[in-house]
1. If the requirement is being of a type in the set (S, T, N, Q) and surrounded by 15 or more Cβ atoms within 10 Å (Cβ to Cβ), which of these qualifies: Asn191, Asn166?
2. If you check every pair at least six apart or on different chains, which have Cβ atoms under 9 Å apart with a residue in region 377-391 that is within 15 Å of Phe346 (Cα to Cα) first and a residue that is of a type in the set (Lys, Arg) and not in a helix (DSSP H, G or I) second?
3. From the list Asn202, Asn191, Asn195, pick out the single residue that is more than 22 Å from Gly271 (Cβ to Cβ), of a type outside the set (A, V, I, L, M) and at pLDDT below 90.
4. Within the set of pairs 6 or more residues apart or between chains, which connect a residue that is within 22 Å of Gln326 (Cα to Cα) inside region 358-369 to a residue that is acidic (Asp, Glu) and within 12 Å of the ligand (Cβ to nearest atom) with Cβ atoms less than 7 Å apart?
5. Can you tell me which of (1) modelled with pLDDT of 95 or more; (2) in contact with a Phe, Trp or Tyr (Cβ under 7 Å, 6 or more places away or on another chain) is the one Tyr234 doesn't meet?
6. Collect the residues in region 251-270 that are in a helix (DSSP H, G or I) and within 16 Å of the ligand (Cβ to nearest atom), keeping them in residue-number order.
7. Among (1) within 20 Å of Thr85 (Cα to Cα); (2) within 16 Å of the ligand (Cβ to nearest atom), which single condition is Asn138 missing?
8. Does Phe490 qualify as being closer than 25 Å to Lys574 by Cβ and in contact (Cβ under 8 Å) with a residue 12 or more places away in the chain?
Amino acid sequence: MKCSLILTAIMICLNSISISAQLTLKQAAENKNKYIGTILNINFFNGENGTNETAYRTIANKEFNAFVAENNFKSGFLLRGNNQTTSNDLLNLTIADINTSNLNKLMDWGTANNSIVRGHVLIWHSGLPTWFEAIASNWNDAEIRQFSAKYIELVMSYCRDYPGGNVDEWDVINEIISDNNPANYRQTYSNNGQNVDVWFKNVAISAGGQGYQSFIDFCFTTAKAIDPIPKLYYNDYNIEVYNRNQNSKNGFLRNMVKGMVERGIPIDGVGLQGHFVSGTMSQTQVDKVSLTMDYIIGLKEGMQSLITELDLRICGNESNLSTQAQEYERILEMALSKKNSPGLVFWGFTDKYSWIPQFFDGCDDALLFNRNFSEKPSYAGVLNGINKVTTPTAQSPFNNSPFIINNNDTTVIPFTEFDNGGSGIAYFDDTKGQETNGTFRANENVDIAGSIVGFTEAGEWMEYTINVINAGVYDLTLNTTSEFAGKANFSINGNNISGTINTPNTGSFSTNYTNTTIPIPLEAGEQILRFTVEQGPINLQNISFNFNNTLAIVDLEPELEEQLELKLYPIPFKESFVITLETFKEAKLFKIFDLSGKMVYTQKHDGENIAEINPIGLQSGIYILSVDYKNEETGIFKILKN
Ligand code: 9MR
């Protein structure tokens with residue numbers, strides 16, 4: 001608003017300024033349907049430990065609507081004081097071993113303040129009771145899992161059943177990726193300058209070194225079984241800034257979480273801690289954090305990406321309070337404008353109680369209030385950032401209506417006509433800038449050059465809303481060019497429907513556009529088709545669909561799957577897949593047909609309700625599996641070999 005010199009206008013102007021200045025952080029966030037959170041040091045809740053920090057509690061209550069215990073949910077606090085001295089005690093935990101008053105306090109506070117409660121943390125290499133490692137470092141794989149499952153069960157089920165409140169989000173695992181290059185699962189950490197083995201290190205010995213990932217999967221699966229309601233997070237630091245290098249910590253995180261999603265592990269989100277150094281968070285850097293969040297959000301429907309521990313430390317003369325305020329503003333605006341980023345959590349609000357000076361020599365002043373609980377410029381920066389938050393555009397077809405696919409026309413989808421919705425929602429392009437974009441869709445972060453999408457690289461994807469009128473098998477033709485052989489696939493709702501498609505080296509990046517055709521089955525109805533590059537660079541012109549009259553329309557009988565409690569794993573498969581049938585235990589015959597109806601494989605199976613099917617010699621592609629599960633009945637399933 002412009003302030004005129006006319007007195008009434010000044011009053012109106014001041015009035016409107018004072019009204020907006022009165023918004024607290026949580027009010028501003030609530031206006032955007034987001035929460036704004038902080039750690040709480042629960043010793044200050046009721047003036048305990050002789051410290052009656054009224055100002056602390058007042059600000060927490062006034063400004064924030066999400067809370068996490070800085071330390072009191074860690075095993076060092078929950079298991080502390082129970083005199084666990086033998087392995088046996090720890091492997092047979094009961095609720096009496098858990099100091100539940102720590103849990104109660106935060107949940108009560110959350111309820112009293114009508115706020116979100118984050119549970120930090122279930123499984124971590126640090127934050128342990130002092131006596132813990134001496135015992136746990138001798139555990140074998142089974143013992144590590146036994147302790148972890150019991151600990152997760154006791155803590156989570158206690159919170160689930162607590163009458164005075166609940167936990168909305170759990171950090172199931174914290175910081176399990178090493179800082180090494182190449183990054184890997186964490187095996188050691190530094191404690192007072194000493195390199196210490198992590199207590200769960202022996203999980204790596206099992207399963208030929210694959211034990212870490214299976215342990216992570218196990219912890220998430222265990223947590224989901226205890227309480228299906230809270231969101232389950234993986235949380236870490238130095239993963240925030242996007243890095244294409246697969247060996248970087250960011251690259252390792254992305255691959256790890258992508259693998260978990262593909263295996264169906266119940267992970268709901270990734271926590272990006274966000275312990276940043278003030279002076280480094282330029283717009284370019286914040287854009288890279290944004291890209292990581294887009295990558296995560298794009299992994300599956302509903303996947304969340306959340307900044308969980310934000311602080312911006314000022315070290316030496318590297319930055320000042322006003323630079324820091326601008327950086328806060330940028331980060332808040334970016335993070336809260338994301339789809340599936342439900343809020344943002346600060347690692348504290350007053351410099352009086354911040355971990356920074358203790359952990360980083362010469363660094364301080366990271367938060368929003370000073371030691372006397374007065375607002376710093378960073379407070380206004382955060383508020384401005386929240387006020388600038390925009391709602392992400394919902395995904396929609398580029399031309400307002402879906403591409404229609406039917407059994408008598410050819411449907412052509414130009415690659416440039418990917419859906420509206422933006423990065424992480426309708427596409428993901430982490431190598432923007434390889435093409436000189438024209439004016440067409442110039443605001444989209446996709447390399448569009450004229451009528452093509454150019455230089456698409458591994459991991460990049462675009463989505464197209466289609467409406468299939470006639471279910472059946474279609475010939476899908478890709479029109480591409482590249483100076484390299486490429487690989488790509490199509491998926492619908494996270495299911496790979498094409499297997500890997502090889503695209504040719506045409507000897508050119510600009511001419512010689514060449515067709516590659518494969519049959520794919522499509523079910524009827526409106527759906528979102530995702531195209532993902534597995535190996536680039538590929539330049540993309542269009543996708544076309546033609547109904548294939550020669551291939552039979554297969555009844556896929558999806559409801560049978562449920563009836564039989566049948567599970568196929570993994571699909572797509574590489575060499576073999578496993579089929580389990582909970583209900584029927586009679587002799588079964590498995591037959592595999594190609595899409596022309598030719599039988600290409602049979603395998604007989606007796607007795608057990610689990611079978612490994614090993615169809616040697618099949619090319620990659622779609623096949624039909626028939627299962628004779630009783631003498632007279634047959635189930636038909638679509639399977640995919642990669
Ligand atoms: O701020 C916490 C500090 O008081 C503790 O001594 C330390 C060890 O438990 O943990 C700090 O919090 C960390 C959090 O749990 C995980 N991410 C990094 C945080 C800062 O070190």
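The values are calculated or read from the model by the stated rules, or taken from the named source; none is laboratory data. These figures come from a predicted structure and were not determined experimentally. Note that we place each Cβ from the backbone using ideal geometry, even for glycine, and neighbour counts take in every protein chain shown.
1. Working: Asn191 fails: surrounded by 15 or more Cβ atoms within 10 Å (Cβ to Cβ).
Asn166 is the lone residue from the list that is of a type in the set (S, T, N, Q) and surrounded by 15 or more Cβ atoms within 10 Å (Cβ to Cβ).
2. Once the first residue is within 15 Å of Phe346 (Cα to Cα) and sits in region 377-391, its partners that are of a type in the set (Lys, Arg) and not in a helix (DSSP H, G or I) give Ile386/Lys32; Ile386/Lys34.
3. Asn191
4. Qualifying pairs under 7 Å: Ala366/Asp311; Leu367/Asp311.
5. (2)
6. Here is the first cut: in region 251-270, the ones in a helix (DSSP H, G or I) are 251-262.
Leu253 - this is the single residue of region 251-270 that is in a helix (DSSP H, G or I) and within 16 Å of the ligand (Cβ to nearest atom).
7. Here Asn138 clears every test but (2).
8. On the way: closer than 25 Å to Lys574 by Cβ: yes; in contact (Cβ under 8 Å) with a residue 12 or more places away in the chain: yes.
So Phe490 fits the description; yes.
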